[in-house]
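Novice: Mind looking over this structure? Questions follow.
Computed from the coordinates by the stated procedures, all read-outs in this text should not be read as laboratory data. All figures in this text were calculated on a predicted structure; none of them were measured in a lab. All Cβ positions, glycine included, derive from the backbone under ideal geometry; neighbour counts span all protein chains shown.
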Amino acid sequence: MAGGELLPVGRRVAHWRGRRGLSQQVFADRLGKSKSWVDKVERGVRTLDKVSTLQDIAAVLRIDPGVLLGRDLQAVDVSGPVEGVERVREALSTYDIAVGRSTVRGQVLSADRLARDVTYAWGTFRHARYPQVTRLLPGLVVAAQGVYADNPVAGRSMLVEAYRVTASLLVKLGEVEMAWLAADRAMTIAAGEAVLVATAAVQLGQVLRASGRARAARSTALAAAYRIAPPDLDDLPAPALSLCGALVIEAALAAARDGDDHATADLLDEAAEMAARVGDGHDHYRTAFGPVAVDWPGSSPLWIWAMPVRRWPGTRRSSPATAGGGYPPNTAPGTCSTPPAPTCTQAARSTPAAPSWPPSTPPPPRCATGLPLDRCSPSWPTTHGHQPRSSSSPPPSG
């Protein structure tokens, strides 16, 4: 960085963040700050006047704090966070339960004590104290494995929770492959119990999105939601409704990442309907699901990956590309597009409502093949869920 001593601190932060290959969002997550905070620091709008903050930034960037102040331009090795992640890796790399070997030395924790430790870990994670959670998780995973080995009935849900919080943290730290291992362990332990599988599927959806597998994340989240959704959502208690809603949000985030604006809008509307029934101030199944989590625009971390989606006053949720009557990106009038997947509530309803005729504002006709509309077969469904009507068929009466 030639002439580095002339650069302000914010520019130095931006330079080293780029050298480390970190986006502003990932960098902010590792610091426990917001993306807006990082942007203001790098632009010089916000000053760094605390030594502790400079030290935290330097540790994440793996440089000496003096580099940010222009005294030394040589990177140094900061091994603390790496060693913490390695200890988590070691805890996940054991197969003691499968081979019937004791997972802990000494006395096994009681189920109540383990439940308190899991709750504390989740709370620490929610407050973005990631270094502290990293130190907690190796012991928590081993302890949960021990309780499960000693009493599978009492320890099953707690082991799933330990793997869930581990997966969530590792996604934040950019350790996607290791996060996938934790989520997979959670799904394996939860297998056979629909609600427990659904809780693990929330983190699995996060991992799949982070690894670039948006379609797999969407299908997994919706499949898990369908399993716990009864024919009438009014019969679903608030905890299960929160879990179903969180999975629908995961599917919406995956659809947004995949560029499917229509499915994203429909899924968000479904999630908003469920959130209104649940209300705010709850944390059922560690989902923090409610109207605030679904609201857009808003500050909820659930919307980190849903930036293309917004609600315009007086309209359905839509993307900027379609809010003004335009077409989604890379989709011209008269071409085909992938139909949106059914949502959780739609899957639960046995009889869909009859479509109105004629539609008030008909969107451009499309089908599910990616071919021009004039080459679509009459047997292929359109994006609105109706079969194309041949030119000789009369319109519905009434």
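Novice: Projecting each Cα onto the charge dipole of the stretch 117-171 (Lys/Arg +1, Asp/Glu -1 at the beta carbon, about the Cα centre), which of A162, Y148, P131 comes out farthest on the positive side?
Specialist: Farthest along the dipole direction, towards plus: P131.
Novice: What ranking of S93, S219, S168, S36 emerges when the number of other C-beta atoms within 10 Å of each C-beta is taken as an exposure proxy, fewest first?
Specialist: S93, S36, S219, S168
Novice: Show me 228-239, 265-276, 111-122 ranked by packing, highest mean number of other Cβ atoms within 10 Å first.
Specialist: Top of the packing list down: 265-276, 111-122, 228-239.
Novice: With 21 Å as the cut-off, how large is the P(r) tail for the stretch 7-69, expressed as percent of Cα-Cα pairs? Working shown, then result.
Specialist: Details: 106 of 1953 pairs.
When every Cα pair of the stretch 7-69 is considered, 5 percent fall beyond 21 Å.
Novice: While we're on this one: Just to be sure I understand the model, the point goes 7 Å from the Cα along the line to the Cβ. What's the resulting S211 to S93 distance in nm?
Specialist: 1.8
Novice: Going by C-beta contacts inside 10 Å, put Y95, Y226 in order with the fewest on the left.
Specialist: Values: Y95 9, Y226 18.
Listing Y95, Y226 from fewest to most nearby Cβ atoms yields Y95, Y226.
Novice: Please give every one of the lysines within straight-line cross-link reach of K172, meaning a C-alpha to C-alpha distance under 22 Å, and leave out same-chain neighbours fewer than 8 residues apart.
Specialist: In chain and number order, the partners are K33, K35, K40.
Novice: How long is the gain from S36 to H127 if the chain were fully straight, where each residue apart is worth 0.36 nm and the alpha carbon distance is subtracted?
Specialist: Here the segment from S36 to H127 would lengthen by 31.0 nm.
Novice: For the stretch 181-274, what class follows from the C-alpha gyration tensor (a ≥ b ≥ c being the square roots of its eigenvalues): rounded when a/c is under 1.5, otherwise prolate if a/b is larger than b/c, else oblate?
Specialist: oblate
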